[in-house]
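**Student:** Handing you this structure, nothing more for now.
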Amino acid sequence: MKIASIDVGLKRIGVAICLDGEIVFPKDAILRQNRNQAARDVKAFLEEWEIETLVVGLPKGGSSEEEMERRIKHFVSLLELGNIAIEYQDEQGTSVEAKELTQGVFRHKRDGKIDSIAAKIILERWL
């Protein structure tokens with residue numbers, strides 16, 4: 001089963017894939033100019049890799065949990081995924097964990113690497 005995960009942010013969308021049910025690979029993040037462009041790019045990514053299940057990170061806890069959940073679910077509705085199954089996974093702490101994992105490995109720039117490693121952690125938790 002081909003599975004992908006996304007970590008939806010306001011500026012970048014982290015992306016990771018798992019093609020064998022075991023090993024998860026972070027992919028290049030999708031830079032977000034607006035939600036329609038980002039939705040098209042995510043959908044194209046999912047089609048390119050022939051993804052069967054999409055795991056979406058949802059923040060649990062925190063003061064803006066309901067607002068972020070509403071925004072993320074609205075974004076997912078823009079994807080028009082057809083027969084791709086959608087699963088939600090708690091993403092709490094994944095960005096912090098991603099930063100800790102990569103400390104000293106590369107400079108933490110705003111290029112989306114951290115976002116995609118967070119997506120990798122989300123998918124590993126789901127698996």
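The values are calculated or read from the model by the stated rules, or taken from the named source; none is laboratory data. What you see is a predicted model, and the numbers here were worked out from it, not measured in a lab. As a convention, Cβ positions derive from the backbone with ideal geometry for all residues, glycine included, and neighbour counts pool all protein chains shown.
**Student:** If you check L123 against the conditions, is it in contact with a Ser or Thr (Cβ under 7 Å, 6 or more places away or on another chain) and in a helix (DSSP H, G or I)? Outline the logic, then answer.
**Tutor:** On the way: in contact with a Ser or Thr (Cβ under 7 Å, 6 or more places away or on another chain): yes; in a helix (DSSP H, G or I): yes.
It is true that L123 is in contact with a Ser or Thr (Cβ under 7 Å, 6 or more places away or on another chain) and in a helix (DSSP H, G or I).
**Student:** Does any residue of region 113-120 turn out to be of a type in the set (V, I, T), touching a helix residue (DSSP H, G or I) at 6+ places or on another chain (Cβ under 9 Å) and at pLDDT 95 or above?
**Tutor:** Checked against the condition, which is being of a type in the set (V, I, T), touching a helix residue (DSSP H, G or I) at 6+ places or on another chain (Cβ under 9 Å) and at pLDDT 95 or above, region 113-120 yields no hits at all.
**Student:** Take A16 and tell me if it is touching a Pro at 6+ places or on another chain (Cβ under 6 Å) and at pLDDT 95 or above.
**Tutor:** yes
**Student:** Taking the conditions exactly as written (at pLDDT 95 or above, touching a Lys or Arg at 6+ places or on another chain (Cβ under 7 Å) and not acidic (D, E)), does I6 satisfy them or not?
**Tutor:** no
**Student:** If you don't mind, another one. Which residue is modelled with the lowest pLDDT, if the candidates are limited to region 22-59 and must be in a loop (DSSP other than H, G, I, E, B) and over 11 Å from A4 (Cβ atoms)? Steps first, answer last, please.
**Tutor:** Here is the first cut: in region 22-59, the residues in a loop (DSSP other than H, G, I, E, B) are 22-23, 32-34, 49-52, 59.
Going one step further and asking which of them are over 11 Å from A4 (Cβ atoms), we end up with 22-23, 32-34, 59.
On the way: E22: 93, I23: 96, R32: 94, Q33: 94, N34: 94, P59: 89.
Within region 22-59, the match that is modelled with the lowest pLDDT is P59.
**Student:** Which condition from (1) closer than 16 Å to E124 by Cα; (2) under 12 Å from the mean Cα position of the chain (by Cα) is the one that G21 breaks?
**Tutor:** (2)
**Student:** Given (1) exposed (fewer than 11 other Cβ atoms within 10 Å of the Cβ); (2) free of Cβ contacts under 8 Å to residues at least 40 places away in the same chain; (3) closer than 21 Å to I3 by Cα, identify the lone condition not met by R125.
**Tutor:** Failed condition: (1).
**Student:** Name the single residue, out of those in region 74-93 being in a helix (DSSP H, G or I) and either under 18 Å from S116 (Cβ atoms) or of a type in the set (A, V, I, L, M, F, W, C) (or both), that is farthest from the chain's Cα centre (by Cα). Working first, answer last.
**Tutor:** Step one: list which residues in region 74-93 are in a helix (DSSP H, G or I), which gives 74-78.
In the following step, the residues that additionally are either under 18 Å from S116 (Cβ atoms) or of a type in the set (A, V, I, L, M, F, W, C) (or both) were identified as 75-76, 78.
Numbers: F75: 12, V76: 11, L78: 15 Å.
Filtering region 74-93 for residues that are in a helix (DSSP H, G or I) and either under 18 Å from S116 (Cβ atoms) or of a type in the set (A, V, I, L, M, F, W, C) (or both), the one farthest from the chain's Cα centre (by Cα) comes out as L78.
**Student:** If you scan region 60-73, which residues turn out to be surrounded by 14 or more Cβ atoms within 10 Å (Cβ to Cβ) and assigned to a loop (DSSP other than H, G, I, E, B)?
**Tutor:** The answer is K60, and nothing else.
**Student:** Within region 1-43, which residues are hydrophobic (A, V, I, L, M, F, W, C), within 18 Å of H74 (Cα to Cα) and free of Cβ contacts under 8 Å to residues at least 24 places away in the same chain?
**Tutor:** Matches in region 1-43: L10 only.
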